[in-house]
Protein chains: 2
Amino acid sequence: MQNQVNALPSRAVNLPMCQLLGMNSFKPAQLSFSLEGFLRRGGETGEHADGWGIALYEERRCHLLIDEQPSAQSLMAQWIQQYSTRSRNIIAHIRKATQGVVSATNCHPFMRQLWGREWSFAHNGNLDVAALPRAEHFQPVGQTDSELAFCLLLDALVRRFGETEPAPEALHEVLAETTRQIAASGTFNFVLSNGEVLFAHRSTELHYVLRAHPFGRALLLDCQLGIDFSRINHPDDRMVIIATQPLTDEAWLPLPQGELVAFAGGRRSSPLGLVGA
Amino acid sequence: MQNQVNALPSRAVNLPMCQLLGMNSFKPAQLSFSLEGFLRRGGETGEHADGWGIALYEERRCHLLIDEQPSAQSLMAQWIQQYSTRSRNIIAHIRKATQGVVSATNCHPFMRQLWGREWSFAHNGNLDVAALPRAEHFQPVGQTDSELAFCLLLDALVRRFGETEPAPEALHEVLAETTRQIAASGTFNFVLSNGEVLFAHRSTELHYVLRAHPFGRALLLDCQLGIDFSRINHPDDRMVIIATQPLTDEAWLPLPQGELVAFAGGRRSSPLGLVGA
């Protein structure tokens with residue numbers, strides 16, 4: 001799939017916390033190149049060796065794969081990179097355990113169903129669980145602050161909209177309001193998707209890059225791999241990649257702090273104005 | 001893991017419908033041997049070539065893996081058989097599409113969360129969707145009668161018990177009652193698990209076998225593989241395998257027709273009396 005070019009030696013990457021990755025694409029796509037660099041951060045260029053997980057959407061179905069092995073050595077990673085189907089939305093997470101024991105039950109992403117859609121969520125940061133309300137409609141299975149926060153986000157949607165899926169703007173508004181409430185209890189960097197839209201929120205650190213025509217070259221920061229996107233993409237391809245820290249030497253931007261940003265169709269779809277920041 | 005012995009040539013296997021597989025084990029175990037035979041039924045000894053899926057429990061987490069490739073040729077199957085973790089409960093399904101388009105969204109097993117547990121479900125048979133009520137608390141993501149039936153089973157639990165998980169007997173009673181109601185609308189062979197208990201219901205065809213001390217030898221019916229369970233098991237190992245049709249030359253029994261049977265700790269835990277049969 002990829003035309004790899006020789007790359008410069010890897011830069012030093014300093015990774016003190018869990019790592020998030022998100023993709024939203026106009027057309028179903030594979031994430032092989034960016035995923036390759038991302039997974040090195042679990043036990044190789046980073047010390048995040050407490051397991052990892054990925055949510056890959058295929059149509060409305062979310063394939064959720066969890067591995068307790070460090071992602072840099074993960075056989076599941078090799079299998080996914082070789083054989084995975086194409087997705088319009090992907091969420092991945094490399095874990096550095098801070099709350100809850102290291103176990104499959106506590107691995108991100110988490111998944112729930114609502115309004116005939118499968119929702120997935122991954123979080124980086126620490127929340128003060130004692131300061132958060134109890135989840136009502138969606139119950140955590142494990143012990144993490146992260147899964148509780150995910151349940152609270154979906155809870156808020158059910159409380160406000162009941163059984164009827166709202167218009168995108170109303171959905172965004174309630175998620176943004178609930179995100180603000182939860183973020184008051186700690187660090188709340190996250191990516192969230194319902195298979196259509198990818199939502200991202202930055203408390204402390206989260207970056208994104210847009211890839212669209214005209215496509216250029218990129219080099220991974222975590223290993224000696226390069227790619228010429230103009231040779232593998234069509235002019236109407238378009239996608240956004242989100243990551244805790246930039247994965248390539250492309251023009252990554254920090255997400256606005258304290259604002260819930262929505263990506264759909266491979267581009268940013270929310271208003272640019274800062275909310276609650 | 002397995003000491004394979006030479007087996008007799010495979011028997012002819014006649015497989016006219018979807019295939020179900022379930023395992024409930026006293027201790028976390030791998031299902032490699034039985035799964036090997038089962039997966040041959042997707043496109044090799046059987047014609048069930050519309051995809052397959054498996055739910056593997058690890059602690060409270062349910063790993064749900066779906067593949068649209070015929071299971072006999074599935075790379076995911078090879079990966080699972082080599083690297084999967086040990087489970088106390090497993091559900092698998094090979095699909096012969098009868099309702100809903102062939103797609104990942106419609107592949108069994110299905111999964112939902114309730115009372116801090118992950119529930120998984122796979123079905124074989126056809127239900128008259130028009131005769132079934134609408135799901136209330138749990139919404140189907142795809143178009144199958146099967147996912148709707150699963151949602152209705154969980155719906156009944158929420159309607160009766162709300163947010164509090166009931167005692168096993170009460171849980172069994174409501175599931176059995178709801179199963180009878182749904183089964184009135186068609187053929188309803190299924191396996192269902194919450195990670196602790198494996199429930200199974202036979203409308204037309206479903207078999208089980210108990211494996212416990214003293215362990216003997218077994219030969220797969222679908223390929224030339226044999227195993228000596230006494231060499232790989234401990235005296236206190238104990239498990240039950242459920243399958244649409246027997247997978248080995250062991251003493252498989254048909255499940256009682258029209259009764260919801262529960263397996264826990266690797267043995268049958270429900271009363272033997274027939275209910276509604």
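Once the Cα atoms are used to define both axes, helix B:145-161 deviates from the longest principal axis of chain B by about 60 degrees. The C-alpha atoms of chain B define a longest principal axis, and helix B:168-183 lies at about 80 degrees to it.
Of all chain A C-beta atoms, the nearest to the rotation axis linking A with B is recorded, alongside its rounded Å distance, as A:W79, 2. Neighbour counts of C-beta atoms inside 10 Å place A:I90, B:I241, B:I232 in the sequence B:I232, B:I241, A:I90, starting with the fewest.
Going by neighbour counts of Cβ atoms within 10 Å, the residues A:V197, A:V158 line up, fewest first, as A:V158, A:V197. Arranged from fewest to most other beta-carbon atoms within 10 Å of their beta carbon, A:L253, B:L247, B:L31 become A:L253, B:L31, B:L247.
Shortest first, B:E177 label-point distances to identical copies amount to 3.8 nm, with the label point at 7 Å from Cα along Cα→Cβ. When +1 charges are put on Lys and Arg Cβ atoms and -1 charges on Asp and Glu Cβ atoms, the dipole computed for the protein assembly as shown relative to its Cα centre reaches about 400 debye. Measuring nothing but how far apart in sequence close Cα pairs (under 8 Å, 6+ apart) lie, relative to its length, segment B:126-277 scores a relative contact order of 21 percent.
Converting phi to 3J(HN,Hα) with the Karplus coefficients 6.51, -1.76 and 1.60 and the offset θ = phi - 60°, segment A:200-211 yields 9, 9, 10, 8, 10, 8, 6, 10, 9, 9, 9, 10 Hz in sequence order, with x at every glycine or proline. In chain A, Cα pairs under 8 Å separated by at least six residues give a relative contact order of 24 percent. Here is how the number arises for the protein assembly as shown: DSSP H runs of 4 or more residues each give -39500 (n - 2.57), the sum is divided by the residue count, and the result at 222 nm is -6000 deg cm²/dmol. Nm distances between the label at B:Q73 and the same-position labels in the remaining copies, 7 Å along Cα→Cβ, shortest first? Ordered by increasing distance: 3.5 nm. The average projected area of chain A, computed from the convex hull of its Cα atoms over all directions, is 13.2 nm².
Subtracting the Cα-Cα distance of A:R267 and A:L210 from 0.36 nm times their residue separation leaves 19.8 nm of extension gain. Between this copy and the others, label points of A:R267 are 6.6 nm apart in ascending order, each placed 7 angstrom from Cα in the Cβ direction.
Any read-out appearing in this document is the output of simple, stated calculations on the displayed coordinates, not a laboratory observation. Only a predicted model underlies this, so the values are computations on that prediction, with no experimental measurement involved. Cβ atoms come from the backbone with ideal geometry, glycine included; neighbour counts cover every protein chain shown.
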